[in-house]
Amino acid sequence: MPRMPVESTEILAPAARVQGRLEVPGDKSVSHRYALLAALATGTSRFIGFSRGADPSSTLACLRQLGVTVRETDAGGSRAVEVDGRGWLGLTAPTGVLDAGNSGTTMRLLAGVLAAHPFTATLTGDASLRRRPMGRIIEPLARMGARFDAPGGRPPLTVTGGPLTAIDYQTPVPSAQVKSAVLLAGLHAEGRTLIVEAAPTRDHTERALGAFGAAVQYGPGWATIERGGPLRGLTARIPGDPSAAACWAVAAAALPGSEVEIVGVGLNPTRLAFLDVLSRAGAVVETEADALEAGEPIGRIRVAHRRLAPVTIGPEEVPGLIDELPVLAALATHGGAVAVTGASELRVKESDRITALVTGLRALGADAEERPDGFVVRGHGRLRGGQADAAGDHRLAMALAIAALGADTASAITGAGAVDVSYPGFFAALRSVCA
Ligand code: S3P
């Protein structure tokens, strides 16, 4: 099982501006979904550009323990993954406890798959994942017929699967992971499962189910799935991860004289709300799609700096920005201001992303304030620089690094190795765009 070297420290020099054209790693969310659906399909699936992050690697490791053959090769610097599908309900009882590492997506989506399989499996993870709430998937999956044991609603999570019945389900928290767990269980449930979301979230599962041949229908905030026959294997290129691209987009928006272009990146509209925030903050933003791959648009994003203006982000926008809020907080350390409300969900991510983010930004000299359900960051001149801790959280390591670019002195980010969860090579890419 891959383990992240969270102890490492990165020293970052300030940058005058960022410039260049770059690619970002394969999308983490899409990589998980393709691996899981490929395992249930008939035939071999092939993916180019599969995320090298530790989280999708945790999904592959769990699938191997469930009897799935996975081959990995290097295709011209890109990670190519082949999965031999086990077919309809074809996973086998695991050889031991399944370790999802740091990955909430692995645990919650795999629980949806295992809910239908007639055996008992236990999923656990690292200290961060063992603190995260699982009641949100246990409730609907138990209503469908699976049995669970999770002390205090937290991992380790033991699931005993069996015949499932479709449900109509309204999510109390907007979460693509909850929606996906229910849809993956619904794929195997008697009848038609309907899920209605408290607010629309990323729709990669719906698009992927369609590409693998499942009977899925969806629109913003709802989806239905009917029990189908076996899925068919898929060959696809995985788009670059928009959440990784957001780091470069924010850096370009933040530093005067900057312009970056990110190519080969996913342009799924349910992931691009951060570009709207950057436009409101004053940046020049352009996107252009040049391919459609298994239902996912792929293309380029260009962002250039203009003087920063204050922005407010309300509860209705939060589900579409959930992974980008830390780096958008970093934007405001360079000028303008970012005020966020309705984002208490950030407290149950890989870290408490409100407390840890505000603590980290303040350690670099920022004017940052914690709110119960969000934060306010105001930019007044340059940061002092300092030593900030990523709290074992990949998104915080990246956000603190982008803030540090605008400091008066070099800064140290401790626990910076956490970037490997979604973006191995992040610091090399950062140095390559800094001028
Ligand atoms: C993800 C959904 C989001 C996100 C996570 C990945 C996914 O979590 O924060 O990084 O791939 O479905 P929630 O569904 O809990 O909001």
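Set the Förster radius R0 to 25 Å, insert the Cβ-Cβ distance between residue 95 and residue 127 as r into 1/(1 + (r/R0)^6), and round the FRET efficiency to 0.05. It comes to 0.60. The orientation-averaged projected area of the convex hull spanned by the Cα atoms of the stretch 210-311 comes to 7.4 nm². Our summary gives the chain a relative contact order of 18 percent, counting only alpha carbon pairs under 8 angstrom and 6 or more residues apart.
How many percent of the accessible area of the stretch 64-108 is carbon or sulfur, using a 1.4 Å probe?
Its accessible area is 50 percent carbon and sulfur atoms.
Compactness of the chain was expressed as the Cα radius of gyration divided by 2.2 N^0.38 Å, which yields 0.94.
If a spin label sat at a point 7 angstrom from the Cα of residue 154 along the line to its beta carbon, the backbone N atoms of the stretch 120-144 nearer than 17 Å would be those of 123-138.
The apolar share of the surface of the stretch 279-435, taken as the fraction of accessible area on carbon and sulfur atoms (1.4 Å probe, ligands and nucleic acids excluded), comes to 51 percent.
Normalised size of the stretch 22-68, defined as Cα radius of gyration per 2.2 N^0.38 Å with N residues, equals 1.14.
Computed in the context of the full set of protein chains, the accessible area of the stretch 184-235 at 1.4 Å probe radius has 49% of its extent on carbon or sulfur.
Annotation for the stretch 344-360 versus the stretch 50-119: alpha-carbon center distance of 28 Å. Distance from the C-alpha centroid of the stretch 277-321 to that of the stretch 383-399: 23 Å, rounded to the whole angstrom.
Average accessible surface for the stretch 302-435: 32 Å² per residue, computed with a 1.4 Å probe over protein heavy atoms with every protein chain in place. By DSSP, what percent of the beta bridges with both residues in the stretch 28-237 are antiparallel, rounded to the nearest 5? Taking every DSSP beta bridge with both residues in the stretch 28-237, the antiparallel ones total about 70 percent. Could you run the Debye sum over the Cα atoms of the stretch 110-154, one equal point scatterer each and no solvent, and tell me log10 of I(q)/I(0) at q = 0.21, 0.31 Å⁻¹, two decimals? Listed by q, the Debye log ratios stand at -0.70, -1.30. Taking every protein chain into account, the accessible area of the stretch 28-237 amounts to 33 square angstrom per residue (probe 1.4 Å). In angstrom, the C-alpha Rg and Dmax of the stretch 265-322 are 12.7, 38.
As I understand it, the dipole of the chain uses +1 on the Cβ of Lys and Arg and -1 on the Cβ of Asp and Glu, about the Cα centre. Which of 257, 238, 138 lies farthest toward its positive end? So the residue we want is 138. Its relative contact order, with pairs defined as Cα atoms under 8 Å and 6+ residues apart, puts the stretch 28-237 at 21 percent. If you take the alpha carbon atoms of the stretch 28-237 and fit the smallest convex hull around them, that volume is 100 Å³ per residue. Rounded to whole Å, the principal axis extents of the Cα atoms in the stretch 93-196 read 36, 30, 19, largest first.
Among DSSP bridges having both ends in the chain, what percentage is antiparallel? Round to the nearest 5.
70
Quickly rank 81-90, 25-34, 182-191 as a protection proxy: mean count of other C-beta atoms within 10 Å, highest first.
Output ranking for 81-90, 25-34, 182-191: 25-34, 182-191, 81-90.
Sorting 96-109, 148-161, 131-144 by average packing, meaning the other beta carbons within 10 Å per residue, from highest down gives 96-109, 131-144, 148-161. Residues in the stretch 396-412 carry Karplus couplings, in order, of 6, 4, 6, 5, 5, 5, 5, 5, 4, 4, x, 8, 6, 10, 5, 10, 10 Hz; the curve used is 6.51 cos²θ - 1.76 cosθ + 1.60 with θ = phi - 60°, and Gly or Pro positions show x.
The values are calculated or read from the model by the stated rules, or taken from the named source; none is laboratory data. Everything quoted here is computed from the prediction, not taken from an experiment. Using ideal geometry, Cβ is built from the backbone for each residue, glycine included, and neighbour counts are taken over all protein chains shown. To get the accessible areas, we keep the full protein, side chains included, count just its heavy atoms, and leave off ligands, DNA and RNA. Shrake-Rupley method; radii C 1.70, N 1.55, O 1.52, S 1.80 Å.
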